[in-house]
Structures are given as C-alpha cells and as structure tokens.
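These notes are about the structure you will find just below.
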Amino acid sequence: MDTSVGGARKRSPSLAELFTPKLVTVLREGYHFKDFQADTVAGLTVAIVALPLSMAIAIGSGLSPEKGLFTAIVGGFLISALGGSRYQIGGPAGAFIVLIATIVEQKGYDGLVLATAMAGLIMIAAGFLRLGTYIKYIPFPVTVGFTAGIAVIIFASQIKDLLGLTVEHEPAALLPKLAALGANLATFSPATVLISVLSVALIIGIRRWKPTWPGMLIAVGLTSALAWAMGFDVATIGSRFGEVPRTLPAPHLPGFDLAKLQAALPDAISIALLGSIESLLSAVVADGMTGRRHRSNCELVAQGAANIAAVTFGGMCVTGTIARTATNVRAGAHGPVSGMLHALFVLLFMLVAAPLAAYIPLASLGGVLAVVSWNMAEKAEFAALIRSSRGDAAVLLATFLLTIFVDLTTAIAVGVTLGAFLFLHRMAEDVAVETGTSLVAEDVADVVGNNQAAKEIAALPAGVMVYRISGAFFFGATASVSAVLDRIGAHPKTFILDFADVPLVDSTAARTLESFAQKLRRGGTTLYFTSTSRSVRRTLLAAGLRTPEVHYASQIADAVAMSQGDKPANRGGSSDHSVS
C-alpha cells in the first residue's frame, strides 16, 4: 500500500517488516565482537540491578521470591529476543504489584497463571491487529495518575516489613490496611527498622555519590551481612519462604474449563492493558534516549509470548521495565543481545548464589520497594498537571483516587473516558463560525480586522451571504454551529458556506448540515459549499448533500459567479462534482 506524503509516494511497511524482531535487524546490520562486548557489560549491569528487584517485586505481589527470578529469566529473554525494541529489558514490574496481589488473594496463584496466559493471547492478538499504535492516545494525566496511585499502594504494602510489625491479617484495601497496621504499631521491631532505614539510606546515598554503582544490590548485600553478623531477629527470605530453588521448574499450566476462563477474563484484560501501556512507554523512553524507533505491534506480540512463557515456567506477569531499560541504554548496550544476556546472568546468579538469598532480610527488600515507589510517583509531573488546568487536574485526580480506592482497571477506564470528553470539549470550543453578514453588532470589528475578509464581503452582490466554519466540525461542535446557523433571519437568495479551515467533518455534523440545507431550500435559498477537502466532501456526499440540494465550488468567488449565472474561473480546484 502506498500513501502520498508531501507529493511523493511512500510505501507502507509490509507485514514481515512490521513484525520482524529487532534482534534480526541488528544481526542483519552486522554484529561484531566489540558489539558483543558492549552487550555483555550492559547485560551484566542490568542483571545486577534486576536480581534484588525481581525478588522484591515478587514478594511485594504476595508471591515467593523465585517467581520474580523465573520471570526475569524466561520473560526477559523472550522480550529481548522477539521484541520490536533494540533496548527493551523485560521482567517483573512494580506497576503490577497491586494487580497481582489482588488476583493472588482472590483466586490463588493458579488464577494468576490462567489470567496472565490469557492476557498474553490478548496482547498477541492486539499486536497482529496493529493496535499497538493506539496506546499513545492514552492521556498523559491518566498514566501519571495510575502510576502515582500504584506507588502509594506499593509503599503501603511494605510498611509491615519495613517496621517488622506483627499483623494477624493484613487487608488488601488501603484504608483497612492502614487501620490494621496502625492498630499494631506497638509490635514494631527496632532491628527491622534499622535494617530498613539503612537499606534506603544506602540506595539513595550510592545513587547520589556513585550513580554507576549497583546501589540496590549493595544495599541488600550489606544489610543482609549486618543482620547475619549481629544475629538480628528479623524476618528473612529463608524464614518466610524457605530456600530459593537453583533451577527453573518444569513447564506447567493449571487445568481450566469455560467457567474458569470466564472468571479470569477481567483480570486478563487488566494485565494485558497495563502490560501494553507499561512496555510501550518503556520502549518510547528508550527511543528518546537513543534516537531509534521501536516497532510497537511487534513489541506487543513479544510481550504476549513472554507472558505465556513466564507463567508456564512458574513466573508471573512480565513487561518492559523503564528503569532497567534506561540502565541498559546508559550501560552502552548495542542491541537486544544485552537483554538476552541479562536473563542468562540472572539464571547464573540463581544457580550459584541461590542459598545466600535465604539470608536476605525482608526489610532490605522492603527498602528497595520503598525507593521504587518513591521514584514511580512522578511527583514533578503530578504537581505540574494539578496546576496546568482544571480539566487535566480532574482526569489526574480521578485516576489517582480510583487506583487507590477502587481498582486499576476502573481507574484507567474512567481516566481515559474523562480525558476523551475533555479533548472533545476543547475541540468543540475551537470551532467558530464567521459570517460576512454580521450576526450581532460586535462581530463587525472582527470582520473589519481581517482585510482580506473585508474585501471579499464588500464585493458580495446583493442577496449573497457567506459563512465560514473554522476547526474540526464533529459531533461535539454541532450544537454550537447549529445554534449559529439557526439564528439566520431572512433567507438570502444565495448562501455560501466556506470549509477552507475545516480539516474534518463527521457524520453527525453532516446530518446537521443536511437539515440546514433542507431548511434553506424550503425558503428558496441556493446553498453552496466551498473549499471542501476531499475527505470532507466525501462525508458530505455520503450524508446526501448532493446536487440539486447543494452545489460545490472551489472558492467563494466561484460560488458567487455561479450564483450570478457566470462560469467560475478555472483555479485548478473542484466545482460541482462528486468524489468517490
């Protein structure tokens, strides 16, 4: 398929080009030993970051730590190998913690596996249907709102481990959770608090003074060594979950039937939606850092396959991760091989050092997630949107509060809907109607201020009236435009409606014009449409606005000439012809 761009013919990419993994592209370009060296260094750097983070996210989601490692290994490898981004790093993400914890609490791990596998199929279908490009239409206030809401819930979920509280039952909902934690504050453990504070301080300090060092791994390692050396009585991975396995489990999926599939579908849609948003946002960040362009639909297919494989091998939801992807870029990665090596390095660490994970205090990992939640909150963007406009602030706060107090799916749905209505309102506000014969007295100054318009108006013969519509004429603007047109008093002999500044007309607006044309025809007025673009005219013709009900002319002067019985000048435009 060819499209016309700037007078030239531009070929649309073929199906194979759209879904060719970036790994294949990089290898075709020529892959040399120095490129492999760069990818090895970047992969090792990212693996060092991913190791503690993967376990922390799994624990925060209500799962055992090895599930985070399995996800980073299997899911991370496939996302890099099959994906449409050169630099994307896949793994468990903090954005999923709330959603996963809710699913696990209500339906168990098997319910999560089934929902994630279904989400993978949905993402693959969305990719092949080329829906990935539409993710960019999710309003920015929505992404900031749900991300900030998730950050609040993540931090609240870590309070118990950060303080070492003894809570018999910790509710999932935020307010009951805070009430339960507050009622048990007296059970806090000073040693646990010390480990938590030290973990957070080390991560922040290393990030500030030695930003190239793996702050999270160093913090977890030092606090684990301190707790072991001092004999602190603190909860550890070993005391809560037992020993971390050294190998990947055999592939397995739980049994299912139609009823289970129906029950899992809402969760699957939530996982697919969040995973698509998170992964494509991460790919966009990588593009901004490198100047490259990702293939969004290819990326969605890879994300879907990776999610199915991750839970088949005992993992959890996987997606592209912004922080690890940015780390990969900064570490000098050349292409997707770095992400594949990152997964293999995590596997190597698990094979060699799995017994040591049992000594890691949960407070240390709680400190990691506390820092993650603080960084997720996007505080500057949140404050800027609050100040920007009432509409953006409303969308932001609605998404933020619904994420915290209801659920993520509802928050995104409501936020996108509010954002769409806000956009439509702003578009409708920009639509204006100008007339050569004043509707009200104060309009004269506006018309006189436009010299060209004034000349055209002065040259109009008696019985001719010209109106101009400017802006997108769609269903949101029909009420205001219709109100203006209905205010016309005595019908002139000729009425000219100019579309020079109208980029689009939808079916609702076309039907409004069709009713207006009938009204004029009953009053004996001839209606002309001028300067209609090809797409605008196609919509008008589809609504029945054809000769003799209306006439088309290239410009206002041509319509005036036609109304006086003269032939229009040949200006290379269209007159009274239809388009296919």
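The values are calculated or read from the model by the stated rules, or taken from the named source; none is laboratory data. Just so you know, these numbers come straight off a predicted model, no measurement behind them. A quick note on method: Cβ atoms are made from the backbone with ideal geometry, for glycine too, and the neighbour counts reach across all protein chains shown.
So, ALA343, is that one at pLDDT below 90 and part of a helix (DSSP H, G or I) or not? Steps first, answer last, please.
Numbers: at pLDDT below 90: no; part of a helix (DSSP H, G or I): yes.
Against the criterion (at pLDDT below 90 and part of a helix (DSSP H, G or I)), ALA343 does not qualify.
Just checking, does the range 309-318 include any residue being surrounded by 23 or more Cβ atoms within 10 Å (Cβ to Cβ) and either free of Cβ contacts under 8 Å to residues at least 60 places away in the same chain or in a helix (DSSP H, G or I) (or both)?
yes
Which residue out of ALA331, ALA305 is under 28 Å from LEU222 (Cα atoms) and surrounded by fewer than 24 Cβ atoms within 10 Å (Cβ to Cβ)?
ALA331
Take the residues of the range 529-543 that are modelled with pLDDT of 85 or more, touching a helix residue (DSSP H, G or I) at 6+ places or on another chain (Cβ under 9 Å) and part of a loop (DSSP other than H, G, I, E, B): which is surrounded by the most Cβ atoms within 10 Å (Cβ to Cβ)?
Applying the filter and picking the extreme gives THR532.
Only one of VAL301, VAL337 is in contact (Cβ under 8 Å) with a residue 40 or more places away in the chain, farther than 29 Å from LEU198 by Cα and under 25 Å from the mean Cα position of the chain (by Cα); which?
That would be VAL301, the only listed residue that is in contact (Cβ under 8 Å) with a residue 40 or more places away in the chain, farther than 29 Å from LEU198 by Cα and under 25 Å from the mean Cα position of the chain (by Cα).
Is there a residue being at pLDDT below 90 and within 27 Å of the chain's Cα centre (by Cα) anywhere in the range 24-32?
no
Can you find a residue in the range 174-196 that is assigned to a helix (DSSP H, G or I), under 26 Å from SER279 (Cβ atoms) and in contact with a Gly (Cβ under 9 Å, 6 or more places away or on another chain)?
no
Examine the range 512-521 for a residue that is out of contact with any strand residue (DSSP E or B) (no Cβ under 6 Å at 6 or more places or on another chain), surrounded by fewer than 17 Cβ atoms within 10 Å (Cβ to Cβ), modelled with pLDDT under 85 and at positive phi, and state whether such a residue exists.
No, there is no match, as no residue in the range 512-521 is out of contact with any strand residue (DSSP E or B) (no Cβ under 6 Å at 6 or more places or on another chain), surrounded by fewer than 17 Cβ atoms within 10 Å (Cβ to Cβ), modelled with pLDDT under 85 and at positive phi.
Of all residues in the range 295-318, count the ones that are hydroxyl-bearing (Ser, Thr, Tyr) and modelled with pLDDT of 95 or more.
Residues that pass the stated criteria total 1.
At least 3 residues that are out of contact with any Asp or Glu (no Cβ under 8 Å at 6 or more places or on another chain) and modelled with pLDDT under 90 in each: list the helices (runs of 4 or more DSSP H) lying fully within the range 57-168 that qualify.
Fully inside the range 57-168 and qualifying: 97-128, 140-163.
Against the definition (of a type in the set (Val, Ile, Thr), surrounded by fewer than 17 Cβ atoms within 10 Å (Cβ to Cβ), touching a residue at least 60 places away in the same chain (Cβ under 8 Å) and part of a helix (DSSP H, G or I)), how does ILE204 come out, yes or no?
Judged against the criteria, ILE204 is a match.
Taking only the range 32-56 into account, find how many residues are outside any helix (DSSP H, G or I) and in contact (Cβ under 8 Å) with a residue 12 or more places away in the chain.
0
Does MET289 qualify as being modelled with pLDDT under 90 and surrounded by 22 or more Cβ atoms within 10 Å (Cβ to Cβ)?
Answer is no for this residue.
Among the listed residues PRO211, PRO176, PRO171, PRO190, identify the single one that is modelled with pLDDT under 90, surrounded by fewer than 18 Cβ atoms within 10 Å (Cβ to Cβ) and under 30 Å from LEU356 (Cβ atoms).
PRO211
Name the residue, out of LEU280, LEU202, that is modelled with pLDDT of 90 or more and touching a helix residue (DSSP H, G or I) at 6+ places or on another chain (Cβ under 7 Å).
Criteria check complete, one pass: LEU202.
Yes or no: the range 376-396 includes at least one residue that is touching a residue at least 60 places away in the same chain (Cβ under 8 Å), closer than 25 Å to LEU51 by Cβ, surrounded by fewer than 24 Cβ atoms within 10 Å (Cβ to Cβ) and among the hydrophobic types (A, V, I, L, M, F, W, C).
yes
Just one of the numbered conditions (1) without any contact (Cβ under 8 Å) to a residue 60 or more places away in the chain; (2) crowded, with 18+ Cβ neighbours inside 10 Å is not true of GLU29; which one?
It is condition (2) that GLU29 fails.
Go through (1) more than 30 Å from LEU27 (Cβ to Cβ); (2) within 26 Å of the chain's Cα centre (by Cα); (3) not charged (D, E, K, R) and name the single condition ILE360 misses.
That leaves (2) as the condition not met.
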